[in-house]
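Peer 1: The structure that follows is given in the form of structure tokens.
The values are calculated or read from the model by the stated rules, or taken from the named source; none is laboratory data. Nothing here was measured: the structure is a model prediction, and the numbers come from that model. Note that each Cβ is placed from the backbone with ideal geometry, even for glycine, and that neighbours are counted across all protein chains shown. Just so you know, the surface numbers come from the protein's heavy atoms only, side chains and all, with ligands and any DNA or RNA stripped out. Shrake-Rupley method; radii C 1.70, N 1.55, O 1.52, S 1.80 Å.
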Amino acid sequence: MLNWRDYWNQDTPIYSGERHKLLHYRLVASDIIGLIPSREAVVLDYGCGEALFADQVAAKCAKLYLSDAAPLVRERLQEKFGANERIVILAPDEVADLADTSLDLIVVNSLLQYLSLDELRALLNLWRSKLKSGGKLVIADVIPPDVSPVTDAKALLSFAWQGGFLTSALLGLARTAFSEYRKIREEIGLSQYSEDEMVDILEDAGFRPKRAERNLGHNPARMTFVGQVA
């Protein structure tokens with residue numbers, strides 16, 4: 001049986017087509033740019049995926065670290081952005097080697113659902129150690145317990161309607177229903193947290209947390225949290 005890390009270390013049917021993937025990553029990049037506090041900021045995108053528009057994000061800050069657990073993803077990032085002096089690609093264990101209190105912003109988008117609570121707590125301690133005083137951790141796309149796959153599908157179809165890929169999105173949903181993603185989701189599950197649970201977890205890790213007004217990306221039913229270091 002695959003685990004989530006193995007699943008993402010391959011070409012997956014999670015995107016219905018190239019347009020879906022491009023629009024997704026463009027929206028996420030735009031949202032991250034809106035979080036960058038200054039052009040001197042040092043930013044970490046943890047669990048970044050293919051980050052197709054990372055060069056646009058990097059143009060708005062001094063340094064952008066991209067970290068993903070999947071070797072295949074990191075290879076593609078290196079091919080696309082390896083020549084960009086503002087961008088550094090890291091394996092997750094290399095994040096620990098970054099200097100403490102060196103980062104202004106850490107963004108973690110659509111990752112928590114694939115982590116256990118113990119894994120999350122360990123990462124929160126790591127992330128906090130790397131942030132400067134006043135730095136921010138932004139955890140996005142957190143799934144509340146009352147959000148179902150049907151709700152996620154409706155959000156995707158709304159995004160597809162606006163983005164002009166509705167037909168491919170419908171076909172993509174059908175493919176996903178018979179894919180490894182569905183099987184792993186049924187066997188392993190996805191981690192879900194209420195707003196109160198996330199606030200408590202972030203406070204326990206030493207952050208001053210609050211829920212953002214809107215989620216990063218296209219799904220308004222999911223949540224984004226901002227944790228600031230004192």
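Peer 1: Only one of (1) outside any helix (DSSP H, G or I); (2) open to solvent by 60 Å² or more (accessible area, probe 1.4 Å) is not met by GLY135, so which one is it?
Peer 2: For GLY135, the failing item is (2).
Peer 1: What residue, of VAL57, VAL42, is touching a residue at least 24 places away in the same chain (Cβ under 8 Å), among the aliphatic types (A, V, I, L, M) and over 25 Å from PHE159 (Cβ atoms)?
Peer 2: Result: VAL42 is the single residue among VAL57, VAL42 that is touching a residue at least 24 places away in the same chain (Cβ under 8 Å), among the aliphatic types (A, V, I, L, M) and over 25 Å from PHE159 (Cβ atoms).
Peer 1: While we're looking at this one, here's another question. Out of SER102, SER110, which single residue is open to solvent by 20 Å² or more (accessible area, probe 1.4 Å), within 14 Å of the chain's Cα centre (by Cα) and under 22 Å from ALA58 (Cβ atoms)?
Peer 2: The unique qualifying residue is SER110.
Residues are listed down the side, and each one gets a yes or a no for (1) modelled with pLDDT under 95; (2) open to solvent by 20 Å² or more (accessible area, probe 1.4 Å); (3) not charged (D, E, K, R):
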position	(1), (2), (3)
ASP200	no, yes, no
PHE207	no, no, yes
ARG222	no, yes, no
GLN228	no, yes, yes
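Peer 1: Now for a separate question. Just the residues that are surrounded by fewer than 16 Cβ atoms within 10 Å (Cβ to Cβ) and part of a loop (DSSP other than H, G, I, E, B), please, taken from the range 113-132.
Peer 2: The answer is SER116, and nothing else.
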